[in-house]
């Protein structure tokens, strides 16, 4: 085990942490390594290296009822957070000049902007694959394509659709479900920021970023949340819908050994 860990650390290409599992024709689960497969060279930054992206591309296919994609960091953030990270990357990469580049790099490292939105090329690649699967261009379109993520200190649900300019018509329901189970407590002002960032829809960012950020083939909005509880989430694949349930622990009468679960939220998404 030590040798495996050392090799994977020194030579990331020596071991693949991503995996995929098919559950008959009902569902395919693809779990994507969005940590160790990154490329972080000064002149090249990517959420996934070329080999990992090719591996994912091969498995983003239909012909199942439900396609589930697990990635620790959400693919679809709250709209304003997504645009902020995309702008931060454009600044840091010098697309607005050297001075702005130094400022962008400081913001990126200080605010820990390292989600899919901060790696726009990889994000757009995955969004393109998603549109192709959900429109039936990669086999029979699933009833749903669902991203399962966490690690952002809050939980929420997103519904997505194709950019009207793409000409694609999605047959599948596209959903991002996020659960941050044991998260750092956020100060009150951060909760206000996240709630504000959740408003509106993720659209093209207009003239400011035209030509600076790749155009996404997906649009989306938060449909439920955010919630800031420590909780665990369960997904049920039902006959005509997806059912998500977030449950949090509750200690009653001061007896931690007799803790119970309470429902934080339950969301049904028709498919």
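The values are calculated or read from the model by the stated rules, or taken from the named source; none is laboratory data. This structure is a prediction, so every number in the text was calculated from the model and none was measured. We place every Cβ from the backbone using ideal geometry, glycine too, and count neighbours over all the protein chains shown.
Some observations on this one:
- Residues that are modelled with pLDDT under 90 and touching a helix residue (DSSP H, G or I) at 6+ places or on another chain (Cβ under 8 Å) were ranked within region 209-220; the one that is surrounded by the most Cβ atoms within 10 Å (Cβ to Cβ) is 216.
- Residues that are touching a residue at least 60 places away in the same chain (Cβ under 8 Å), assigned to a loop (DSSP other than H, G, I, E, B) and either closer than 21 Å to residue 35 by Cβ or touching a strand residue (DSSP E or B) at 6+ places or on another chain (Cβ under 9 Å) (or both), drawn from region 122-174: 142, 143, 150, 151, 152, 153, 154, 172
- Yes/no for residue 182 being under 18 Å from residue 86 (Cβ atoms) and out of contact with any helix residue (DSSP H, G or I) (no Cβ under 7 Å at 6 or more places or on another chain): no
- Residues of region 228-244 that turn out to be more than 28 Å from residue 166 (Cβ to Cβ), outside any strand (DSSP E or B) and free of Cβ contacts under 8 Å to residues at least 40 places away in the same chain, as a count: 2
- Residues in region 57-82 that are under 27 Å from residue 224 (Cβ atoms), over 14 Å from the mean Cα position of the chain (by Cα) and part of a helix (DSSP H, G or I): 80 alone.
- The set of residues in region 98-121 being touching a helix residue (DSSP H, G or I) at 6+ places or on another chain (Cβ under 9 Å) and not in a helix (DSSP H, G or I) consists of 111, 113, 114, 115, 119.
- Scanning region 252-271 for residues that are in contact (Cβ under 8 Å) with a residue 60 or more places away in the chain and either surrounded by fewer than 12 Cβ atoms within 10 Å (Cβ to Cβ) or out of contact with any strand residue (DSSP E or B) (no Cβ under 9 Å at 6 or more places or on another chain) (or both) yields one hit, 270.
- Scanning region 175-189 for residues that are part of a loop (DSSP other than H, G, I, E, B) and either modelled with pLDDT of 95 or more or over 16 Å from residue 224 (Cα atoms) (or both) gives 179, 181, 182, 183, 184, 185, 186, 187.
- Among the conditions (1) part of a helix (DSSP H, G or I); (2) surrounded by fewer than 19 Cβ atoms within 10 Å (Cβ to Cβ); (3) in contact with a helix residue (DSSP H, G or I) (Cβ under 6 Å, 6 or more places away or on another chain), residue 94 misses just one, which is (1).
- If the condition is being in contact with a strand residue (DSSP E or B) (Cβ under 9 Å, 6 or more places away or on another chain) and in a helix (DSSP H, G or I), then region 44-54 contributes 50, 52, 53.
- Screening residue 161 with (1) modelled with pLDDT under 95; (2) surrounded by 17 or more Cβ atoms within 10 Å (Cβ to Cβ); (3) within 21 Å of residue 242 (Cα to Cα) gives one miss only, at (1).
- Taking each residue of region 208-227 that is more than 20 Å from residue 180 (Cα to Cα) and looking for partners that are at pLDDT 90 or above and surrounded by fewer than 20 Cβ atoms within 10 Å (Cβ to Cβ) with beta-carbon atoms closer than 6 Å, six or more apart or interchain, yields 214/124; 216/124; 217/128; 217/163; 219/161; 219/163.
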